[in-house]
1. Can you find even one residue in region 135-153 that is over 21 Å from PRO57 (Cβ atoms) and touching a helix residue (DSSP H, G or I) at 6+ places or on another chain (Cβ under 9 Å)?
2. State yes or no: is THR438 within 24 Å of ASN457 (Cβ to Cβ) and modelled with pLDDT under 95?
3. Quick test of your reading of the structure: LEU69 fulfils all but one of (1) surrounded by 15 or more Cβ atoms within 10 Å (Cβ to Cβ); (2) at pLDDT below 95; (3) of a type outside the set (D, E, K, R). Name the failing condition by number.
4. Please state which of the following conditions VAL258 fails to meet, knowing it meets all the rest: (1) under 22 Å from the mean Cα position of the chain (by Cα); (2) over 27 Å from GLN79 (Cα atoms); (3) modelled with pLDDT under 95; (4) not charged (D, E, K, R).
5. With respect to ALA399, is the statement that it is farther than 19 Å from SER324 by Cβ, modelled with pLDDT of 95 or more, over 25 Å from the mean Cα position of the chain (by Cα) and assigned by TED's automatic domain parsing to the domain that holds SER324 true?
6. Determine the pairs where a residue that is closer than 16 Å to ILE435 by Cα, located within region 388-399, has a partner that is part of a helix (DSSP H, G or I) with Cβ atoms under 7 Å apart, the partner being 6 or more residues away or on another chain.
7. Report yes if some residue within region 201-218 is in contact with a helix residue (DSSP H, G or I) (Cβ under 8 Å, 6 or more places away or on another chain), surrounded by 19 or more Cβ atoms within 10 Å (Cβ to Cβ) and part of a helix (DSSP H, G or I); otherwise report no.
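The values are calculated or read from the model by the stated rules, or taken from the named source; none is laboratory data. All values derive from a computational prediction rather than experimental measurement. When we count neighbours, we look across all protein chains shown, and the Cβ atoms used for this are built from the backbone with ideal geometry, even at glycine.
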Amino acid sequence: MKLHLRWQILLAVLGLLLVLSILSFQVQTAALCTTRVPASGGVFIEGVLGAPQYLNPLLSDPNPVDRELVSLLFDGLTQVGADGRIQPALAESWTVSEDGRTLQFTLRDDAFWHDGTAITAADVLFTYSLLQQEAFPGSPALRALWQSVTINQIDEQTVEFVLAEPYAPFLEATTRGLLPAHILADVPAAELAAHPFNQSPIGTGPWQVQPDQTWSSNRLQLTPNPTNWREGTSIPIVEFRFFPDETSLLTALTNGEVTAVSHVTPTMLPETAVLPDVRLFTAVTPRYTELLFNQVGDATTSPEVRQALAYALDRQALVDQVLSGQGILFEGPYLPSSWAYNPAQLTAYSYDPLTATARLDAAGWTLPEGQTIRQNGETPLTIRLLTLDTEPYRSLATAVQEQWTAVNVSTTISTTTNLRDALATGQFDVALVDITPTADPDLYDFWSQEAMVRGQNFAQWNNRRASEALENARQLWNETERRPYYDAFLRLFDSSLPALTLFQHTSTYALSRSVNEADIGYLSTPRDRYTTFANWFLLYRDVTISCPLPPSS
């Protein structure tokens, strides 16, 4: 009897503990909530129009896709900053000798190749020596520049360049990416283009190529360089997919096959802008389109005629109608980002057809009664307008033609697939030309008297004072000393108007709303769009947290 009572007490205690446990569990469960938080994983897929050929900074110049990818993978001694000035990159500093002929660079001691090997002056010597070889398969102009330079390795961290004469634009040449000597030292320049390195390179930039890839599937995967992203990223892979035309690229974006499009063209923009799950980011690019006036052309030898043609153009209407508004107006041969840009020295050519007609009349090109085309004596005013045989240039040429017709100027359009060769023949009055200027404001190769014979002065602008100003400026290293020469050049350029800038190009980046926390600011280089990449994420995961307490009454 006594023993039986103990079992009853034990069972009662166990039952009470069970009830208390259940009640405790219910209380705890009632105090827990589920929430979604960012999770690592996924693949960021960017669609690109075109395909790569050489992921090599010495061979990338001709192909825009190569240039863009190379900018993510490689660094030079220096880089171009957002203000257009040269800044340190792999070099921490440099000095220029008193005679202006010797530049000495000191490398950073914390710079490494993607495989962990330290970057040294031997890499600098190797890279730029390749450019000096006659068998170098790249640009002859690039080879000629470097053949005029003596390169000396002072020690492991110091390299010296000796120039034949002071030449300030040379500093920009050091922005070209370096190649790893420990991988390519035994590769002759003649064999560089065929080397497997160009498919899966080892660089120094913020992104690195995943090994053992081929481009047969029209895609390339990059991973963040841990040296640049020390705190890691939520998205482990950036994949570039290459498309042959705008239609297939736009379809991929619409269907969600790609997460972003690197460059939305003006013809793609209207359809892209209405996609509900896509955000657009637009920024100016270092490129502009101009009308080049032939100084020895049949109708454009007079500055008054050139100025009249400028006033007859509604440049904003050109941008709006042909480029869907994707262009920025400015004056002169320097981009607004250049330190040499000085609009105070330039005439603002706003649309003014009355001024245009008055200047044409003053230049002797009048409109006879009953005629539709202006004449000078018996000679009609007919402009031969040359353009590249692709869009949007054909449409731009047509729009220019229509606007000049409004002031009774006849315009005939001729197209070419090789604009440079067509310009060299001189068989044009006006040419529609794209210009991608260097970061350095040196325009000697475009507007000097020497460039009429050995350069790109296709307008044949023969101005001795302008040529001397450009020549003097390129021999000075100090910006303050150079500026007065460029101001003088701008005044001469403005009074003669050998070219009229139409607009600066913009670049529109399309990004899916499935990419979270993506904030894209100023875009001066391709890598700029990934400045905040460490914050981006594609996935969520559910986690249990304590529920917030209800507000007290």
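1. Of the residues in region 135-153, the ones over 21 Å from PRO57 (Cβ atoms) are 150, 152.
Next, from what is left, pick out any that are touching a helix residue (DSSP H, G or I) at 6+ places or on another chain (Cβ under 9 Å): 152.
Scanning region 135-153, I find at least one residue that is over 21 Å from PRO57 (Cβ atoms) and touching a helix residue (DSSP H, G or I) at 6+ places or on another chain (Cβ under 9 Å), so the answer is yes.
2. Working: within 24 Å of ASN457 (Cβ to Cβ): yes; modelled with pLDDT under 95: yes.
So THR438 fits the description; yes.
3. Result: LEU69 fails condition (2) only.
4. In the conditions (1) under 22 Å from the mean Cα position of the chain (by Cα); (2) over 27 Å from GLN79 (Cα atoms); (3) modelled with pLDDT under 95; (4) not charged (D, E, K, R), VAL258 misses (3) alone.
5. On the way: farther than 19 Å from SER324 by Cβ: no; modelled with pLDDT of 95 or more: yes; over 25 Å from the mean Cα position of the chain (by Cα): yes; assigned by TED's automatic domain parsing to the domain that holds SER324: yes.
For ALA399, the condition - farther than 19 Å from SER324 by Cβ, modelled with pLDDT of 95 or more, over 25 Å from the mean Cα position of the chain (by Cα) and assigned by TED's automatic domain parsing to the domain that holds SER324 - is not met.
6. LEU388/LEU419; PRO392/VAL322; PRO392/LEU323; LEU396/LEU318; LEU396/VAL322
7. The answer is no, given that none of the residues of region 201-218 is in contact with a helix residue (DSSP H, G or I) (Cβ under 8 Å, 6 or more places away or on another chain), surrounded by 19 or more Cβ atoms within 10 Å (Cβ to Cβ) and part of a helix (DSSP H, G or I).
This table checks each residue for (1) under 18 Å from ALA168 (Cα atoms); (2) in a strand (DSSP E or B); (3) modelled with pLDDT under 95; (4) out of contact with any Cys (no Cβ under 7 Å at 6 or more places or on another chain).
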| site | (1), (2), (3), (4) |
| --- | --- |
| PRO52 | no, no, yes, yes |
| LEU59 | no, no, no, yes |
| PRO62 | no, no, yes, yes |
| GLY76 | yes, no, no, yes |
| ASP83 | yes, no, yes, yes |
| TRP94 | yes, yes, no, yes |
| ASP99 | yes, no, no, yes |
